[in-house]
Amino acid sequence: MPRRFYLQTVGCQMNVLDSELVASELLGAGYEQVAGPSRADVVLLNTCSVRQHAEDKIYSALGRLKELKDQRPAMIIGVLGCMAQKDRHEILRRAPHVDIVLGPGWLDRLPSLIEDAAAGGGPKVEVSLDRLGNPRAKVERSFVTFSPHRPPTTRPIPHQAMVRIMFGCDNFCTYCIVPLVRGPEQSRPAAEIVEEVRRLADDGCVEATLLGQTVNSYRDTSGSRTVELADLLAMLHEIKGIRRLKFVTSHPRYMTDRLLTAVRDLPKVSPYFHVPAQSGSNAVLQRMKRGYTVEEYRAMLARIRDFVPGAAVTSDFIVGFCGETEEDFRQTSELVGEARFKNSFIFKYSGRPGTKAAELFEDDISEAVKRRRNNELLAIQDAICLEDNQPFLGRTVEILVEGPSKVTKKRAKQGEAAESPHPSPLPRGEGTLIENPLPRSEGTVQLIGRTTCDRIVFIEGRPEMAGQILPVTIERADAFTLFGKIATEDNK
Ligand code: 5AD
Ligand code: SF4
């Protein structure tokens, strides 16, 4: 029987969470996780369909795995996640050496599919029902909850956990493949979420990040009283051991005063909002079918700043969407210039077959123009990041210590294979290897931590400080990282 698995993840936090759950399930079933495909009996790729580039990476990986499988025909290759749901036939046509194709709605079936694949008889395919042409209730049932118990050891950072509170999306923004591959929007019952967070807290988790495609439209109507995100945060706030709560990704349309009040009044909830604007032009927003105007987005930002002074806001933007003119782009630049986001994640538009945009509009902006706009927007944002980090100099902030930084891990790892079991994509700043310019004393290493508004801070400290919330005085501020010193009574 296969015993060792290698799991590689591409894509968003939903995928990172799915991978954690899959790994927990397999570890619980007696498998061992290995750091590279060469020693693995089962190689699993958890995939993303949001942009073409992510899909191309998977096909190249499958190409490389073919050589390995030619040498070791018993090896089982599984493609999981969004691409499996979207491209099941295409995957088997382009990579007939794949043994398992498993959509994100049926991850609980993985252990039995591996056994079936080991027994032979051709590729095993398990995906959810297509949204188009099937009744909604039936489609909903074909995306099943998957929340096996997960020991802290399966998490990259044991003290932090992501918790899914919703599945799917009903917005159908015209560029986006997510509603097709992750299915209809469904909120998990609040009681189930509270129970999951309580278990995580019992295991030592201090920070929970609630995940949903449009997390602020969370609505559990299964009980006698409707539970919205504001209510859920209040319920989770009561859990002993939990010290921080975050939620991503918000949609501008559902940023209610009730939610902002909850963020303001519940001290454990981070004053941090990831609320993508996507564009600063009304014409583009309309073609994207985002459901708001740039004036409404600006008004929402003003309300956030009003209710929660000092809140950090981050955004996503797509540049080079179909028909985006220089004037449209100028308006986006203007928004980024004035909104003072803590960070912006900027993407070049990638046409996704099956979406409305691919059907209705021409992908008419050249790659060169997309690249230029991408770089221009990044430059505006980077300058703001650097500027807005400066006021932190000399300030004492509380950080949750995540553990040794990449610099520390790299030092410890010298000579080991570079492959990581958790190669999730990191926002700028987190992946950088920066030597702390501040002096290091005996027994300390560079640790990475985060402020409550999600800013990355490097400190020197002892590895066992992981999981603690510590006061840190900031001594250096770059665009994406702060450097600090633990504030003791002497130097506070
Ligand atoms: N092309 C480029 N970027 C996209 N996103 C979603 N779909 C596409 C696409 N087709 C971006 C959006 C979203 C983020 C997760 O990915 O900005 O907020
Ligand atoms: Fe995609 Fe829009 Fe749903 Fe976000 S809100 S997942 S961009 S369809």
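Charge tally for GLY212 (other residues, Cβ to Cβ under 13 Å; Lys, Arg +1; Asp, Glu -1): +1.
Size descriptor for the stretch 1-41, Kirkwood hydrodynamic radius: 10.6 Å (Cα pairs only, one decimal). By the Cβ rule of 4.7 Å, the chain holds the following cysteines without a possible disulfide partner: CYS12, CYS48, CYS82, CYS169, CYS205, CYS322, CYS385, CYS453. With only Cα atoms counted, the stretch 109-181 has Rg and Dmax values of 16.5, 43 Å. Checking the Cα-Cα distances for LYS406/LYS485; LYS66/LYS124; LYS240/LYS342; LYS69/LYS406; LYS57/LYS289; LYS268/LYS342 against a 22 Å cut-off, the pairs over it are LYS240/LYS342; LYS69/LYS406; LYS57/LYS289. Its residue count N fixes a reference of 2.2 N^0.38 Å for the chain, and the Cα radius of gyration divided by that reference is 0.98. Toward the positive end of the charge dipole of the chain, with +1 on the Cβ of Lys and Arg and -1 on the Cβ of Asp and Glu, the farthest Cα among LEU107, THR261, SER38 is that of SER38. Mean residue ellipticity, 222 nm, helices only, the chain: the sum of -39500 (n - 2.57) across DSSP H runs of n ≥ 4, divided by residue count and rounded to 500, is -10500 deg cm²/dmol. DSSP bridge analysis restricted to the chain gives an antiparallel fraction near 35%, rounded to the nearest 5. Proximity of backbone amide H atoms, modeled 1.01 Å from N, is registered between ILE399 and LEU470, VAL472 at under 5 Å, excluding neighbours fewer than 5 places apart on the same chain. Charge dipole (Cα centre; +1 on Lys/Arg Cβ, -1 on Asp/Glu Cβ; no other charges) of the stretch 77-159 amounts to roughly 280 debye. Taking a Cβ cut-off of under 12 Å around GLY168, the surrounding Lys, Arg, Asp and Glu residues balance to a net charge of +2, with basic ones at +1 and acidic ones at -1.
A Cα-only calculation for the stretch 47-111 places Rg and Dmax at 11.6, 33 Å. Under 5 Å from the amide H of LEU210 lie the amide H atoms of VAL163, LYS246, PHE247, VAL248, each residue being 5 or more positions distant or on a separate chain, with H modelled from the backbone and absent for Pro and chain starts. Global size of the stretch 190-330: 17.0, 53 Å for Rg and Dmax (C-alpha atoms, Rg to one decimal, Dmax whole). Amide hydrogen proximity for VAL319: with H placed 1.01 Å from N in the peptide plane, the residues at 5 or more positions away or on another chain lying under 5 Å are PHE347, LYS348, TYR349.
No lab work stands behind these numbers, since they all come straight from the coordinates. Here the structure is a predicted model, which is why all the values come from computation and not from measurement. Neighbour counts run over all protein chains shown; Cβ positions are idealised from the backbone, glycine included.
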